[in-house]
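Structure, as structure tokens:
What follows draws every value from the coordinates through simple rules; no lab data is involved. Everything numeric in this text was worked out from a predicted model, so none of it was measured. Methodologically, a virtual Cβ is constructed for each residue, glycine included, from the backbone with ideal geometry; neighbour enumeration extends over all protein chains shown.
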């Protein structure tokens, strides 16, 4: 297992911290040639130091030009790309009912176009290697989650539909694409960490009422399924979005 991804070049966007870094760490431990990406050079350098020998590129892939330059740099520096993990995203937005044009654009840039920009920039490289794409989505894109930002939910719903829609043309290019839709994930600096510190009892009540397993998930839970979907052991699944939510969603 330690060499499952030996020789495979793996780009994880938004990987300087949080879920993205845990995904990068999982591929790193399995022998992958990890490529870290983020907007903050200081945070990215700290992440690279934790994964000696990994590569890192500062780029804001919500900007299509930055995404194109990132793909070109990877091709020039590393010679190709085997696996792309689209992890850039944020659930922070205005409360339901307070949407406006500026917020819609900002949230779609972060949660939808960040994926399509880098995918479109990298698809030729991935086709050349019979590659795999995994997009990190959210259960908010699968069904209406009470209290979740509407802008975020719609952006992730668009991403989920995109994954299903492009699976056919990408299949003709020998590229698989899947999505992972996490539920409530706790990690350092996450919203759930803050909620547990400020109102532990309310969080426990929420989990008891809504989540079958009555607990929060971890970044490693997400990383494990991402690794499986990207691995040579999984060569027939494409166009699917896989929920990992402890049994929260009903549809």
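Taking the chain as a Gaussian network of alpha-carbon nodes connected by springs under 10 Å, the highest mean-square fluctuation of the residues 37, 87, 130 belongs to 130. Taking 45, 191, 62 in turn, the Gaussian network model of the chain (Cα-Cα springs below 10 Å) assigns the largest fluctuation to 191.
For the chain, what mean projected area does the convex hull of the alpha carbons give, in nm²? Don't jump to the answer; show the numbers that get you there.
On the way: hull surface 53.7 nm².
About 13.4 nm², averaged over all directions.
With a 10 Å radius around each residue's Cβ, average the other Cβ atoms per peptide and rank 215-223, 162-170, highest first. Intermediate values should be presented prior to the final figure.
Numbers: 215-223: 19.1, 162-170: 16.8.
Answer by packing, highest mean first, reads 215-223, 162-170.
Separation of region 24-52 from region 125-201 is 21 Å, based on Cα centroids. Protection proxy ranking of 225-237, 110-122, by the mean of other Cβ atoms within 10 Å over each peptide's residues and highest first, is 110-122, 225-237.
Here the spin labels are modelled as points 7 Å beyond Cα on the Cα-Cβ line, and at residue 129 and residue 251 they lie 3.6 nm apart. Going 7 Å from the Cα of residue 209 toward and past its Cβ, which residues in region 230-251 have a backbone nitrogen under 16 Å from where you end up? Output list for this probe position: 248-249.
Taking each DSSP H run with n ≥ 4 as -39500 (n - 2.57) and averaging over every residue of the chain yields -14000 deg cm²/dmol at 222 nm.
What residues from region 220-245 fall in the zone where the backbone N is under 14 Å from a label point 7 Å along the Cα-to-C-beta line of residue 6? Flagged as within label range: none.
For the chain, the longest principal axis of the C-alpha atoms and the axis of helix 219-230 are separated by about 40°.
Relative contact order of the chain: what whole-number percent is it, with Cα pairs under 8 angstrom and at least 6 residues apart?
Working: 483 pairs, mean separation 47.9, N = 251.
Contact order relative to length: 19 percent.
On the principal axes of its alpha carbon atoms, region 86-151 extends 45, 23, 13 Å, with the longest extent given first. Here residue 78 and residue 42 are evaluated by their C-beta separation; at R0 = 22 Å the FRET efficiency comes out at 0.40.
So what is Rg over Rh here for region 149-199, counting just Cα atoms and using Kirkwood for Rh?
Values: Rg = 16.1 Å, Rh = 13.5 Å.
Here Rg/Rh amounts to 1.19.
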